[in-house]
Amino acid sequence: MVYLSRLRVILIGIALLSMVFGAPNVLAAVPGAHIVFRLDTDQVRSRRLEAMRDQIRALLRDAEPKISYNGLVVSGPTVQLHIGDPAQVEAAKAALKAVVDPIAGKEGPVQEFALDDSEPGLLKLTMTDAGAKYQTSAALTQSIEVIKNRLNELGVADPGVQLTDGGILVQAPGVADLHSLAQTLARQGRLSFQLVDTSMPVDDAVNGQAPAGSTVLYTPDEPPVPYLVEDRVLVSGDSVLDAKATHDSSTGQFIVAFRLDSKGTQRFKWATTRNIGKPFAVILDGQVISAPIIREPIEHGTVQISGNFTAQSAKELALLFRTGALPARLTIVEEAR
C-alpha cells in the first residue's frame, strides 16, 4: 500500500484546481493515464422514444382536420396511441408518415420505427433494431465531441479520445487527479428552464400526487429542497452560446452568466413576459439549482443565475453550459495509469 504525505495530497489537489480554473500549469506528468466510459444505451433508447411520443403529439395536434386520439404512451420499445374515430385512422397514418419513412444513415437508409395497425384503432410505432443501432451510434459520436470540448476547455495537454469495444477511451497522460477529471467528463450537463407549478403546495405534491404535467424535483442541497416543476421546457441548454462564472460584487455571490441564441432569446422573452411574478426553475441533470422569481421580461438573451455556488461550482457549471450536454449517462468503468 502506498501512503501519501499530507503535503503531497495538498499539492495534487492544487494541481487539479490549476488545470480546471486556468492557473499556471503545475500538473505532474503521469504517462499512460486513461479512463474508459460506457454509454447508457437504455437511456439513449428511452429518450428517443419519449421524443417520438412528443413528435407524434405535435404532428396530430397540427393535422388538418384535427385528429382525435387518446392513450399516447411509451410501452417498452413502442409508442402507441388509440385513434378515437375509426374514420380518422388513415388520416393519422398519413400524418405520421414522416416518422415512419426511412432516414439517412451512414450506410444507407434506416427505418427507425415500424408501424403496426393490425388492431382496430390502435397504432403502434416500434423502434427497430436498426433504429436502436443508429441512435446508439449517433449518441456515441456526440459524446466523444462533448468530451473533446470539455478536455479542451480544461486545458488537458495531449488528450486522446477514441471509441473502443469497451466504450469510450480517454487518454490523459498529464493529469494527476484522474478521478476528478472522470467525474467532470461524465456529468451529463442537461440544462433547462421550466416554470414552477404553484397550483398546489409542494408538500402536498410530495406527500400525495403531483398534478398531471408537473413533477417534484429537488435541489442538490443537504437536506434537499423540493419544488413542483412543470414538465414543459421553456428553454433548453441547446440554446446556450457562451457561459462564464463571475462574482456579483453587490451581493457577494458567485453567479453564472450566459448568452442565448436567437431562438432561445425569443423563447425566453416570450416566457418571461407572460409569467412575471412567477418562479421559474433552472434545472441541471434533474436537480433544481436555482429558482428565482421573474421580475421583468428578459429580452436580450443575456441571463444570470445565482444559487449557493462556490467559485469552483460556478466555474464547473459554466464549463458544462459551454460544452453542451451528453446525450445520455456515461458510467466510469475504468481509471488506470
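The values are calculated or read from the model by the stated rules, or taken from the named source; none is laboratory data. Predicted, not measured: the structure shown is a model, and the values here were computed from it. Note that each Cβ is placed from the backbone with ideal geometry, even for glycine, and that neighbours are counted across all protein chains shown. Surface accessibility is based on the protein's heavy atoms, side chains included, excluding ligands, DNA and RNA. Shrake-Rupley method; radii C 1.70, N 1.55, O 1.52, S 1.80 Å.
Quick one: which residues, 5+ away or cross-chain, put their amide H under 5 Å from the amide H of Leu234? H built at 1.01 Å from N.
Phe193, Gln194, Leu195
Along the Cα→Cβ direction, 7 angstrom out, place labels at Leu163 and Asp238. What is the inter-label distance in nm?
2.1 nm
Rounding to the nearest 20 debye, state how big the charge dipole of the chain is about its Cα centre with +1 on each Lys and Arg Cβ and -1 on each Asp and Glu Cβ.
680 debye
To the nearest 20 debye, what charge dipole does region 180-293 have about its Cα centre, counting +1 at the Cβ of each Lys and Arg and -1 at the Cβ of each Asp and Glu?
Computed charge dipole of region 180-293: roughly 540 debye.
Would you please give the FRET efficiency between Asp62 and Arg295, computed as 1/(1 + (r/R0)^6) with r the Cβ-Cβ distance and R0 = 41 Å, to the nearest 0.05?
0.75
If I model a spin label at Ser313 and Ser137 as a point 7 Å from the Cα along the Cα→Cβ vector, what separation in nanometres do I get?
4.1 nm
Counting pairs of Cα atoms in the chain, how many percent are more than 35 Å apart?
The share of Cα pairs beyond 35 Å in the chain comes to 35 percent.
Could you pull out every residue, at least 5 positions away or on a different chain, whose amide H is within less than 5 Å of the one on Val229? Hs are placed 1.01 Å off N in the peptide plane, and Pro or chain starts have none.
Asp197, Thr215, Val216, Leu217
If Asp203, Asp248 are ordered by their accessible area, calculated over protein heavy atoms with a 1.4 Å probe, which sequence runs from highest to lowest?
So the residues, ranked largest to smallest area, are Asp203, Asp248.
From the helices alone, meaning DSSP H stretches of at least four residues, give me the mean residue ellipticity at 222 nm for the chain, per-run term -39500 (n - 2.57), in deg cm²/dmol to the nearest 500.
-11000 deg cm²/dmol
Working from Cα positions, state the angle (0 to 90°, nearest 10) between the long axis of helix 129-154 and the longest principal axis of the chain.
30 degrees
Could you list which residues have their amide H under 5 Å from that of Ile103, counting only those 5 or more apart in sequence or on another chain, with H placed in the peptide plane?
Under 5 Å from the amide H of Ile103: Val110, Gln111, Glu112.
So if I take the centroid of the Cα atoms in region 280-316 and the same for region 155-173, what is the distance between those two points in Å?
Value for the Cα centre distance between the two parts: 32 Å.
Largest first, how would Glu230, Glu119 line up by accessible area (1.4 Å probe)?
From most accessible down to least: Glu119, Glu230.
Work out, step by step, the length gained on full extension between Glu107 and Thr126: first 0.36 nm times the residue separation, then minus their alpha carbon distance; give nm to one decimal.
Extra length from Glu107 to Thr126 when fully extended: 4.7 nm.
Mind ranking 289-297, 327-335 by how tightly packed they are, going by the mean number of other C-beta atoms within 10 angstrom, highest first?
Packing proxy ranking, top to bottom: 327-335, 289-297.
May I ask you to order 310-321, 163-174 by the average number of other C-beta atoms within 10 Å around their residues, highest value first?
Ranking the peptides 310-321, 163-174 by packing returns 310-321, 163-174.
Can you sort Ile305, Ile103, Ile276 by 1.4 Å-probe accessible area, starting with the largest?
Largest accessible area first, the list is Ile276, Ile103, Ile305.
Which value, in debye to the nearest 20, gives the size of the charge dipole of region 27-184 about its Cα centre, when Lys and Arg are +1 and Asp and Glu are -1 at the Cβ?
140 debye
If one takes the longest principal axis of the Cα atoms in the chain, at what angle in degrees, from 0 to 90 and to the nearest 10, does the Cα axis of helix 262-274 lie?
Approximately 70 degrees, to the nearest 10.
Ordered by residue, what ³J(HN,Hα) values in Hz, to whole numbers, does region 51-63 give under the Karplus form 6.51 cos²θ - 1.76 cosθ + 1.60, where θ = phi - 60° and Gly and Pro are x?
Couplings: 5, 5, 4, 5, 5, 4, 4, 5, 5, 6, 5, 8, 5 Hz.
Please give the contour-minus-distance gain from Gln209 to Val99: 0.36 nm per residue of separation, less the Cα-Cα distance, rounded to one decimal in nm.
Using 0.36 nm per residue and subtracting the Cα-Cα distance, I get 36.2 nm.
Explain nothing, just compute: Karplus ³J(HN,Hα) = 6.51 cos²θ - 1.76 cosθ + 1.60, θ = phi - 60°, for every residue of region 255-260 in order, whole Hz, x for Gly and Pro.
Running phi through 6.51 cos²θ - 1.76 cosθ + 1.60 with θ = phi - 60° gives 10, 10, 10, 8, 10, 9 Hz.
Of all the Cα-Cα pairs you can form in region 204-254, what percent are over 16 Å apart?
That fraction is 66 percent.
Extending each Cα 7 Å along its Cβ direction at Met200 and Asp221, get the distance between those two points in nm, one decimal.
2.4 nm
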